[in-house]
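Worksheet: one structure, shown below.
The values are calculated or read from the model by the stated rules, or taken from the named source; none is laboratory data. Bear in mind that the values here come from a model prediction, so they are computed numbers and not experimental data. Quick reminder, even Gly has a Cβ in these numbers, built from the backbone with ideal geometry, and neighbours come from all protein chains shown. SASA here: full protein model, heavy atoms, side chains in, ligands and nucleic acids out. Shrake-Rupley method; radii C 1.70, N 1.55, O 1.52, S 1.80 Å.
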Amino acid sequence: MVSVQQSLQQVLRATLEECKDAGLFRCELPEIAISRPKRAEHGDFATNIALVLAQRAGRPPRALAEEIVGHLVDPEGMIAQVDVAGPGFLNFRIADAYWLRLLGEVLHTGDEFGRGSAASPGRINVEFVSANPTGPLHVGHGRGAAVGDALCRLLRFAGYHVGSEYYVNDAGNQVAMLARSTWVRYMELLCERDPSRGPAPALPEDGYQGEYVRDIALQLLERDGERWAGAEPPGDLEPIREFAVFVTLEWIRATLQRFRVEFDHWFSERTLHQSGALQRWVDALKARGLVKDEDGALWLKTTEMGTGDDKDRVLRKSDGEWTYTTADLAYHANKLERGFGHLIDIWGADHHGYVPRMKAVMKAAGAEPSQLEALLVQFVTLLQGGEKVAMGKRSGKFETLDDVIDEVGIDAARFFFLTRRHDSHIDFDLELAKKQSLDNPVFYVQYGYARACAILRRAAELGIDEAPYSLELSERLKLPEEINVLRRLADFPTLVAEAAAAREPHRLVFFLTELAQDFQSYYTRLQKVHGDTVLPQRRHREGDWQATWDFDKTRARLLWVRAIRQVMKNALALLGVEAPERMERMPAEAAAGPDEDEVEDDAGEAKA
RNA sequence: GCGCGUUUAGCUCAGGUGGAUAGAGCGUUGGUCUCCGGAACCAAAGGCCACAGGUUCGAAUCCUGUAACGCGCGCCA
């Protein structure tokens, strides 16, 4: 598949070769940058090549630009018009036939339209969420999940080979504390049932205070009865730890699955310890002199790795325990051993101080620091009616991801998490996200898609048979609005490639919003400005109307609608947002408020 | 104190790797309206791109410094 932009690139390269042969300049041809001008008067594409070459050619940019135009090599007649503009830009207008052919290409390639073959595919591992299995996912995890998942979809579509992965921290202090907290809640339950047991033990100060720990305790009680009862925690908390982690992980899996986030691999930290990988790595590092003994602990000399880490890091504490750094080293080395040449880690922005350390760890593991790429996802502030919704895991009063999904739905949550760059703060307005109106960008985009579907349905009802694509038929599309939309569809493959390379799925959101806008605008303008309609209306369908109605024009426009719908669908799929065939009409009394919520809750319970 | 990040319209944010007159949504103001899904559309007002220097044909974008805000600086994860 060759994009319009690539075709132009070829034309320009041939042209410049011609110029070189004519002695305009001697140097090697530089890369030809082609951009889409912001202003329509500047044509479909522009290049600054004359500005770049001016100095080496030894003549002013504008004069050089004129020369280049004079040597234009365009056997296919792709370029309808060239202008030299401003300081020396070359502005090109592409022949309409090229845009019309693109319409055929969209229809022909369908779900594959926009798929790329990345230049150096390699194998990329994307690790994200990786929340400790010590409680339900919260909103911040939700953003990481949406970004990571959309990025994986985008990278795959762009032609990279991607493995997605969740690192389960099922070893260490945090899960030990969860086990301890679970046991305390378990004892509370027992003491409530049987007051003669006396007061229950107190939760440790840094224990997990969330309500959910009681749920785990209750499940433990149901499974094991009074087996763990006592004044002191059992000597071996291992079975309780295992149980608590299992329960928590099931919650996390369920939430992610519901959120349409899938992982190729769930990697358990515990298995890493059990395999002896940590010890093996430390031995290897010792042999290479990268490790030092100090204060009874074993340190990795990360400051000597040239990655900017400001202090050395402990691998094994003086009490003999491994630190997370050691496990992370073994884990990332493991990813490399499994054939991933490039590792993307998606972390919360509060982990930014971790980057130089992990780069050093990569170096120590015998890899290049550049093989690790850390994407930092900024925090989300939840707003409800303009006011911040309090969060905070320690207080136990946090808004879980499930709460948010319940509130606004999966599509809105994913879309909102993906509308901003990953490193920019998000104010997530819950009121706006659940609004069934055009202020809500998710709704606006989905409505556009549903409307396109409705047009095609209606055409079928009217018995208008759709014709297959042909250039001749597509030439019935003559309105500037129609051609403009095709220009935008043509941007999609380039957008996919660039967004993937930049790791920026949010660009798809902007693309979709603009495309939906073009489409909506067209429908109003077609009637108001051009006095035309796509489909015959009732007023048209009188008498022997079929003899006079221009069916080919309608068929051309139906193909056009179909192509727009296709590209919307492809883009939405990359975001993991549903493309609905029809929008559910909201009840007229939608403004009702709290009453309505209760009604919904009741209905939900009745179903369950 | 050191390090990282952020600073663009009243608000929330884009700005395609240095390009032409700075972009969108919301909000505000004004309009279209017998409507294929009107759950629509159009237009206007609104800017010292935090500040000061520098690099070059050309800077919101790259460099240096300043300020404000956020985050990070454990033998925690």
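All but one of (1) within 13 Å of A:Leu8 (Cα to Cα); (2) buried (at least 16 other Cβ atoms within 10 Å of the Cβ); (3) within 39 Å of the chain's Cα centre (by Cα) hold for A:Asn48; state the number of the condition that does not hold.
If we test A:Asn48 against (1) within 13 Å of A:Leu8 (Cα to Cα); (2) buried (at least 16 other Cβ atoms within 10 Å of the Cβ); (3) within 39 Å of the chain's Cα centre (by Cα), just (1) comes out false.
Just give me the residues in segment A:32-45 being open to solvent by 60 Å² or more (accessible area, probe 1.4 Å) and more than 10 Å from RNA strand B (Cβ to nearest atom), in sequence order.
Result: A:Ala40, single match.
If I filter segment A:16-24 for residues that are modelled with pLDDT of 90 or more and touching a strand residue (DSSP E or B) at 6+ places or on another chain (Cβ under 6 Å), do I get at least one hit?
The answer is no; no qualifying residue exists.
Name the one entry in A:Val184, A:Val175, A:Val213 that is buried (at least 17 other Cβ atoms within 10 Å of the Cβ) and touching a Pro at 6+ places or on another chain (Cβ under 6 Å).
The conditions single out A:Val184.
Quick one: which of A:Glu514, A:Glu472, A:Glu498 is open to solvent by 40 Å² or more (accessible area, probe 1.4 Å), more than 7 Å from RNA strand B (Cβ to nearest atom) and closer than 30 Å to A:Ile346 by Cβ?
It is A:Glu514.
Just for segment A:297-318: of the residues that are assigned to a loop (DSSP other than H, G, I, E, B) and touching a strand residue (DSSP E or B) at 6+ places or on another chain (Cβ under 9 Å), which one is least open to solvent (accessible area, probe 1.4 Å)?
Among residues in segment A:297-318 that are assigned to a loop (DSSP other than H, G, I, E, B) and touching a strand residue (DSSP E or B) at 6+ places or on another chain (Cβ under 9 Å), the one least open to solvent (accessible area, probe 1.4 Å) is A:Asp312.
What number of residues within segment A:86-117 satisfy the criterion of being surrounded by fewer than 16 Cβ atoms within 10 Å (Cβ to Cβ) and of a type in the set (A, V, I, L, M)?
1
Have a look at A:Ala490, A:Ala454, A:Ala460 and point out the one that is buried (at least 21 other Cβ atoms within 10 Å of the Cβ) and in a helix (DSSP H, G or I).
A:Ala490
For the structure I just gave you, tell me whether A:Asp83 is charged (D, E, K, R), over 19 Å from A:Thr494 (Cβ atoms), at pLDDT 90 or above and not in a loop (DSSP other than H, G, I, E, B).
yes
Would you please list the contacts, defined by Cβ atoms under 8 Å and residues six or more apart or on different chains, that run from a residue in segment A:529-554 that is without any contact (Cβ under 8 Å) to a residue 60 or more places away in the chain and part of a loop (DSSP other than H, G, I, E, B) to a residue that is among the charged types (D, E, K, R) and loosely packed, with under 10 Cβ neighbours inside 10 Å?
Once the first residue is without any contact (Cβ under 8 Å) to a residue 60 or more places away in the chain and part of a loop (DSSP other than H, G, I, E, B) and sits in segment A:529-554, no partner that is among the charged types (D, E, K, R) and loosely packed, with under 10 Cβ neighbours inside 10 Å comes close enough.
Here are some residues: A:Glu105, A:Glu41. Which one is farther than 28 Å from A:Ala158 by Cα, acidic (Asp, Glu) and in a helix (DSSP H, G or I)?
When all the criteria are applied, what remains is A:Glu41.
For (1) more than 14 Å from RNA strand B (Cβ to nearest atom); (2) under 19 Å from A:Val567 (Cβ atoms); (3) crowded, with 18+ Cβ neighbours inside 10 Å, each residue gets a yes or a no:
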site: A:Asp403; (1), (2), (3): yes, no, no
site: A:Asp411; (1), (2), (3): no, yes, yes
site: A:Phe417; (1), (2), (3): no, no, yes
site: A:Arg421; (1), (2), (3): no, no, no
site: A:Ser424; (1), (2), (3): no, no, no
site: A:Glu482; (1), (2), (3): no, yes, yes
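Test A:Lys363 against the stated conditions and say whether it is in contact with a Ser or Thr (Cβ under 8 Å, 6 or more places away or on another chain), more than 10 Å from RNA strand B (Cβ to nearest atom), open to solvent by 60 Å² or more (accessible area, probe 1.4 Å) and not hydrophobic (A, V, I, L, M, F, W, C).
Spelling it out, A:Lys363 is indeed in contact with a Ser or Thr (Cβ under 8 Å, 6 or more places away or on another chain), more than 10 Å from RNA strand B (Cβ to nearest atom), open to solvent by 60 Å² or more (accessible area, probe 1.4 Å) and not hydrophobic (A, V, I, L, M, F, W, C).
Just checking, how many residues over segment A:319-334 are more than 16 Å from A:Asn169 (Cα to Cα) and either hydrophobic (A, V, I, L, M, F, W, C) or surrounded by 19 or more Cβ atoms within 10 Å (Cβ to Cβ) (or both)?
Residues in segment A:319-334 being more than 16 Å from A:Asn169 (Cα to Cα) and either hydrophobic (A, V, I, L, M, F, W, C) or surrounded by 19 or more Cβ atoms within 10 Å (Cβ to Cβ) (or both): 1 in total.
How about segment A:321-432: which helices (runs of 4 or more DSSP H) wholly inside it have at least 1 residues that are under 21 Å from the mean Cα position of the chain (by Cα) and within 30 Å of A:Phe510 (Cα to Cα)?
The qualifying helices (runs of 4 or more DSSP H) are A:401-408, A:410-417.
Consider A:His141 against the criteria (1) part of a helix (DSSP H, G or I); (2) at pLDDT below 95; (3) closer than 16 Å to A:Asp44 by Cβ: it satisfies all of them except one. Which criterion is unmet?
(3)
Give me the pairs: first residue in segment A:58-70 and part of a helix (DSSP H, G or I) and open to solvent by 70 Å² or more (accessible area, probe 1.4 Å), second residue modelled with pLDDT of 90 or more and among the aromatic types (Phe, Trp, Tyr), beta-carbon distance under 7 Å, and six or more apart or on different chains, which are they?
Correct list of pairs: empty, since none qualify.
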